Amino acid sequence: MDLFANLAHGFSVALTFNNLLFCLIGCLIGTAIGVLPGIGPVATISLLLPITFGQPATTAIIMLAGIYYGAQYGGSTTAILLNLPGEVSSVVTTLEGYKMARRGRAGAALTVAALGSFFAGTVATVVVAASGPLLTQVALSFGPADYFSLMFLGLVISAVLAQGSVVKSIGMVVLGVSMGMVGTDVQTGQQRFTFGIPELSDGVGFVSMAMGMFGIAEIILNLERPEARSVMSGKVGSLMMTREEFRRAVPSVLRGTLVGTFLGILPGGGAALSSFGSYMMERKVSKGRHEFGTGAIEGVAGPESANNAASQTSFIPLLTLGIPANAVMALMVGALIIQGIQPGPRMVEAQPDLFWGLIASMWVGNLMLLVINLPMIGMWVKLLSVPYRFMYPSIMIFCAIGVYSLQNNVFDVYQTVVFGIFGYLCSKLRLEAAPMLIGFVLGPMMEEHLRRAMLLSRGDPMVFVERPISATMLAIAAIALGAMLMPNLRKGKDAALQEGG
Amino acid sequence: MSWALSRRTVLAGSVVAGTASRRALAQAGAWPSQPIRLVVPFAPGGTTDLVARLVAAGLQERLGVSVIVENRAGAGATVGSEAVARAAPDGYTLVMSNIASHAISPAVYRGRVRYDPVADFAHIALVVSNPTVWVANPRSGIRTLQDAAAKARGPGGLDVATSGAGSSNHLMVVRMGQLIGVELNHIPFRGAGPAMQAVIAGQVPMMSDSLPSSVAHIRQGSVVAVGMASAQRHPAFPDVPTFREQGFDLASDSWFGLSAPAGTPAAIVERLNRETRAFLGSAEVRARFSELGGTPGDLTAEGYGDFVRREVALWAPLVQAAGATAD
Amino acid sequence: MKINTKDLISAALLIGFAVVGLWLNMDHTLGTARRMGPGYMPMLAFWILLGLGAIVLLLSLFNGPDPIPMWTGPEIGFLLAGAVGGTAAGLVAAGMPGWVGAGWNPLGIGLFVGCMIVSVVKSWRPLFLISAAFTLFGLLLEPLGLMVAIATSVVLSAFADETHKPVGVLGLVAFLCALCWAVFIYELDIRVPVWPVF
């Protein structure tokens, strides 16, 4: 019963007044920056890093962790209410969440997001505590070939994010992959498709793209159809979930938690894959799958749970190996190093207060977020009753400031304008933006792992089928692709026959 | 907005309160009388960023005005450096100059970097230099550089991971290949973290890394330090022989320092040099840096200027040999 | 045979991207399968894109009809005028000395002028006036500061919606200036010029 003793020790650390206070501050700041478009946890944590110098290491890390998962909570709010995804994971939340808000079920969407996240966070915390070191071995057993196949599977299934034609949405995925190629080539340092623009050497900005194609394009579309927005501002709807909605959400939350817990462990891309991996799953197996595209609660419950579970389990590589899985974790390493602590496998023995205190504080933080966010849902939803003519300039200004503050560069603002116009064009042509964004995120990672796998295998492509993990992923991808294309082609043929006859 | 209130409280408690009185004091003198901007040409979270924030905090305390870190990443650290090269030389804009922005990238982005790493800057002080260390997976059987050379000459060659193409670590791999006489199979990663993971997991047997990102893993024994690419053995790792001791004439440190636009008054440069060295010289900072594997700098402003000039001359031909261009 | 106009244009868009991409990619080394060059993956991606574009094109010939509303004469005319005017303004600005030609200002000026010309036509206003207002924010932020940028771009964007009243817009400007100052400057302390610097 070491686990319980350790957890008890952890809670005794996490529940001291100072740590509780900083956990609360972290959660509040995180929620706030999650709500603001463009300003992400990486920028905020690096801004606040100096403040933590004066605090003990455990307190500092607890606060920074609070910002991190607080931002995940907050990010879903704008995605649901305003169709503004600030991060990769919230792109998926816009799909059903924003549709729910338009149907007057914004309150239910926000509630299920908060409750699902809390549940997933609780489960993931237990997983981190009980089997962190064991799961590290799983993460270590993933080689470049396996990552490539995982990313490939991710891209294939991302086509199901689209509501319309599968071929068109695969086209958008590939377009996104192509756009991901812009910038400095990781392997050779060469510039690709940058037209000599230094700002493009780190690639097209994700936030610019997301703000333009979702946020700005949505404003323009809403302005074009005054009738649609009056519906939106008129109907706030009941805040609570109905019994029916609750019953439908429960299995989705469970499945989402499972997907997120597992994928979050994989460094680089794992956490990004989790939310739409869960969306795909819900779309295929949930009872409400026929409602997808019109605001199905499963499409919010699953991905939101997955995303929160993944953000907890992505601490595993950091805590057990000392290897940061993403930019936020890299900042955490920095914060620890400044405090004079070397993250690594020995941290569990050398810094039990920190290790178990952080784990316990994750759960405490999740509870706090729930307590903070549930009452605020009413306030958020009231925002929707503000007349749209006041809403759209405000959204525009917040997007503009957020985009500018990413790099203090107006180039990002202009880039957002261009993506706004492009996003408008795409929505007129029924080309889906979500698959494009996923392709954009996963494409470069896929390229990186493909090239590395080939370098290591001395150019032998058999490595992708010889490794069991990789082979399994590719097999699933092939089946999924076949299953998706079949009905589509058949439908096309049927339509052609009907018209011919 | 209750969060706002609490953040204020925190700030007030730890940072703002201290500076308020000093700000009034500072207004009397000529320089500094307003906040100083310290541009870090990398995204937040990297080693340079962290060190910059430490230095900023130290200078803030000594100069009595706030020193604000601003991240302007991009194009191998040249975007931020160019912005500073063009800023007013009034001592209120500084850059964290480093081996990438001032020695390697100008060669990699030839013709597209619109600043001269030597002539367009008033170099102030070397902040820290980190030796390069080669580590190996314990199960790879590589214990010395001779083992590595033997493996490189054998069938299949030797894979060496680095934190990225065009980095000083990458160029080390190229130079080492030239010394051994066999091209090494360079496996670039996106940052030192993922590369280290691949080495620990055994996917890649070796890695060329700068010491701070390897320290913890060497101490734990999850990787073996094979050779230290510096002139002397590192005080924190007296058992690890240098490259020269093992018969390979290679020594390379990655470094970063403070620089201002050319034309910054000499008095300001001197003052900044003095304050930076005083901060770096304090026992606590020295201990912290050496724990991390770095060596705090202690050069005069002229000394740092000469140092940058030597580094530029050293790396340009190596970049060409490595074939790393940005065209 | 019913033509699906939307799919037809989508196909043209995808194929266009693929062809331009393949052409641009000729600059990059392909490398070998073992040591892939920077051009290898883009080549794969653009060929797949081209193939998918072709499939969409093929399907679009049968799965219609799905027409898009025809553009009127003025709509087409001003769109072209905007494209030409914007490009011209950008090029002229790039050649000018001082602030106008510095940094990304020519791009911003070109985008702004182009969008403003097109928004003469009422049906284009939501799209291009919002884009223009967003661009204007970028143009004014650094020289004139956050407050001026917020005020001008909110006022400009207000013309995209007919239900606005002057008092409401003024109130909105005041509210947003206060809110943005409180959130971005006072709390988050982001590095943005707030007031005009003379």
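The values are calculated or read from the model by the stated rules, or taken from the named source; none is laboratory data. This is a predicted model, so every value here is computed, not measured. Note: ideal-geometry Cβ built from the backbone for every residue, glycine included; neighbour counts use all protein chains shown. Ligands, DNA and RNA are stripped out before the accessible areas are found, and what is left, the full protein with its side chains, is counted by its heavy atoms. Shrake-Rupley method; radii C 1.70, N 1.55, O 1.52, S 1.80 Å.
Compute the distance in nm between two label points, each set 7 Å from the Cα along the Cα-to-Cβ direction, one at B:Ala278 and one at B:Arg153.
Reported label-point gap for B:Ala278 and B:Arg153 is 5.6 nm.
How big is the dipole moment of the protein assembly as shown about its Cα centre under a simple scheme where the beta carbon of each Lys and Arg is +1, that of each Asp and Glu is -1, and everything else is neutral? Debye, nearest 20, please.
That gives a dipole near 1340 debye.
Given the -39500 (n - 2.57) contribution per DSSP H run of 4+ residues, what per-residue ellipticity at 222 nm results for chain A, rounded to the nearest 500 deg cm²/dmol?
Mean residue ellipticity at 222 nm (helix-derived): -25500 deg cm²/dmol.
Skipping prolines and chain starts, which residues have an amide H placed within reach, meaning under 5 Å, of the one on B:Asn71, given they are 5 or more residues away or on another chain?
B:Val40
Any idea what angle helix C:166-180 forms with the longest principal axis of chain C, computed on alpha-carbon atoms, 0 to 90 degrees, nearest 10?
Compared with the principal axis, the helix lies near 80 degrees.
How far apart, in nm, are two points set 7 Å out from the Cα along the Cα-to-Cβ line at A:Ser385 and at A:Arg458?
Placing both labels 7 Å along Cα→Cβ, they lie 7.2 nm apart.
Accessible area per residue for chain A in Å², computed with a 1.4 Å probe and the full protein assembly in place, what is it?
31 Å²
Is there a pair in A:Lys382/C:Lys165; A:Lys168/C:Lys122; C:Lys6/C:Lys165; A:Lys99/A:Lys284 whose C-alpha atoms are over 27 Å apart, and which pairs would that be?
A:Lys168/C:Lys122; C:Lys6/C:Lys165, as the Cα separations exceed 27 Å there.
In nm, to one decimal, how far is the modelled label at B:Glu291 from the one at C:Thr29, with both set 7 Å along Cα→Cβ?
That separation, rounded to one decimal, is 4.4 nm.
Quick one: if the Förster radius is 25 Å, what FRET efficiency do C:Ala81 and C:Ala102 give, using the C-beta to C-beta distance and rounding to 0.05?
0.40
Taking chain C as the reference, fit the longest principal axis to its C-alpha atoms, fit the long axis of helix C:125-158 to the helix C-alpha atoms, and give the angle between the two in degrees, 0 to 90, nearest 10.
Helix C:125-158 sits at roughly 50 degrees to that axis.
I'd like to know which of A:Tyr98, A:Met445, A:Thr122 lies farthest towards the positive end of the charge dipole of chain A, counting +1 on Cβ of Lys and Arg and -1 on Cβ of Asp and Glu.
Going by the Cα projections, it comes out as A:Tyr98.
Note the angle between two axes, namely the Cα long axis of helix C:40-60 and the longest principal axis of the Cα atoms of chain C, as a number of degrees from 0 to 90, rounded to the nearest 10.
Around 80 degrees separate the two axes.
Give the average, rounded to an integer, of partner chain Cβ atoms located within 10 angstrom of each Cβ in A:428-435.
For peptide A:428-435, the averaged partner shielding equals 4.
For the stretch A:305-315, what does the Karplus curve 6.51 cos²θ - 1.76 cosθ + 1.60, with θ = phi - 60°, yield as ³J(HN,Hα) per residue in whole Hz, taken in order and with x for Gly and Pro?
Per residue, the Karplus-derived 3J(HN,Hα) values read 5, 4, 5, 6, 4, 5, 5, 7, 6, 5, 6 Hz.
Starting from 0.36 nm per residue, how many nanometres of slack lie between B:Ala30 and B:Asp306 once their C-alpha separation is accounted for?
96.5 nm
Just tell me the longest site-free run in chain A, where the sites are trypsin sites (Lys or Arg not before Pro) in a DSSP loop having at most 16 other beta-carbon atoms within 10 Å.
Maximal segment without exposed cleavage sites: A:104-234.
Apply the a/c threshold of 1.5 to the C-alpha gyration tensor of chain B and tell me whether it is rounded, prolate or oblate.
The shape class here is prolate.
Within chain B, which is the longest segment that contains none of the GluC sites (Glu not before Pro) sitting in a DSSP loop with at most 14 other Cβ atoms within 10 Å?
Longest site-free region, per DSSP loop and neighbour criteria: B:1-182.
With 10 Å bins from zero, work out the P(r) of chain C over every alpha carbon pair and list the percent per bin.
Over chain C, the share of Cα pairs per 10 Å bin runs 8, 20, 24, 24, 18, 5, 0 percent.
Lys/Arg Cβ at +1, Asp/Glu Cβ at -1, dipole of the stretch C:73-187 taken about the Cα centre: which of C:Ile185, C:Leu79, C:Gly95 is farthest positive-ward?
C:Leu79
Pop out the ³J(HN,Hα) list for the stretch C:99-115 in order, Karplus 6.51 cos²θ - 1.76 cosθ + 1.60 with θ = phi - 60°, rounded to Hz; leave Gly and Pro as x.
Listing the rounded values in order: 4, 4, x, 8, x, 8, 4, x, 4, x, 5, x, 4, 5, 4, x, 5 Hz.
Return the FRET efficiency for the residue pair A:Asn18, A:Ala130: r is the Cβ-Cβ distance, R0 is 41 Å, and the value is rounded to the nearest 0.05.
Efficiency, from the Cβ-Cβ distance: 0.90.
If eta is 1.567 mPa s and T is 4 °C, what Stokes-Einstein diffusion coefficient results for the stretch C:73-187, Kirkwood Rh from Cα pairs, in µm²/s?
86 µm²/s
Could you give the length gained by full extension between A:Lys284 and A:Leu425, i.e. 0.36 nm per residue of separation minus their alpha carbon distance, to one decimal place?
Extending this stretch completely gives an extra 47.8 nm.
Using amide H atoms built in the peptide plane, which far-off residues or other-chain residues are under 5 Å from B:Ser97 H to H?
Sorted by chain and number, the residues that satisfy this are B:Gly257, B:Leu258, B:Ser259.
Just name one of B:Val84, A:Ala335, B:Gly221: the one whose Cα is farthest towards the positive end of the charge dipole of the protein assembly as shown (beta-carbon charges, Lys/Arg +1, Asp/Glu -1).
It is A:Ala335.
Can you pull the percent of chain C's accessible area that's carbon plus sulfur, 1.4 Å probe, other chains left in place?
79 percent
Under the Karplus relation 6.51 cos²θ - 1.76 cosθ + 1.60, θ = phi - 60°, what is the ordered set of whole-Hz ³J(HN,Hα) values for the stretch B:58-63, x standing for Gly and Pro?
Once rounded to whole Hz, the list reads x, 5, 4, 5, 7, 8.
Using the beta-carbon distance between B:Ala266 and C:Ala54 and R0 = 41 Å, what value does 1/(1 + (r/R0)^6) give for FRET efficiency, to the nearest 0.05?
Here the calculated transfer efficiency is 0.05.
If you take every DSSP beta bridge fully contained in the protein assembly as shown, what fraction is antiparallel? Give it as a percent rounded to 5.
65 percent
Indicate the gyration tensor shape class of the protein assembly as shown (rounded, prolate or oblate), computed on the Cα atoms with a ≥ b ≥ c the square roots of the eigenvalues: a/c under 1.5 is rounded; otherwise a/b larger than b/c is prolate and the rest oblate.
Judged from the Cα gyration tensor, the protein assembly as shown comes out rounded (a/c under 1.5).
If the only charges are +1 at each Lys and Arg Cβ and -1 at each Asp and Glu Cβ, what is the size of the charge dipole of the stretch B:131-229 around the Cα centre, to the nearest 20 debye?
Dipole of the stretch B:131-229, to the nearest 20 debye: 120 debye.
In terms of the Cα gyration tensor, with a ≥ b ≥ c the square roots of its eigenvalues, is the stretch C:5-60 rounded because a/c is under 1.5, prolate because a/b exceeds b/c, or oblate?
Verdict is prolate for the stretch C:5-60.
For B:Val226, what residues show an amide H to amide H distance below 5 Å, using hydrogens built from the backbone and excluding near sequence neighbours?
Correct list: B:Trp134, B:Val135, B:Ala136.
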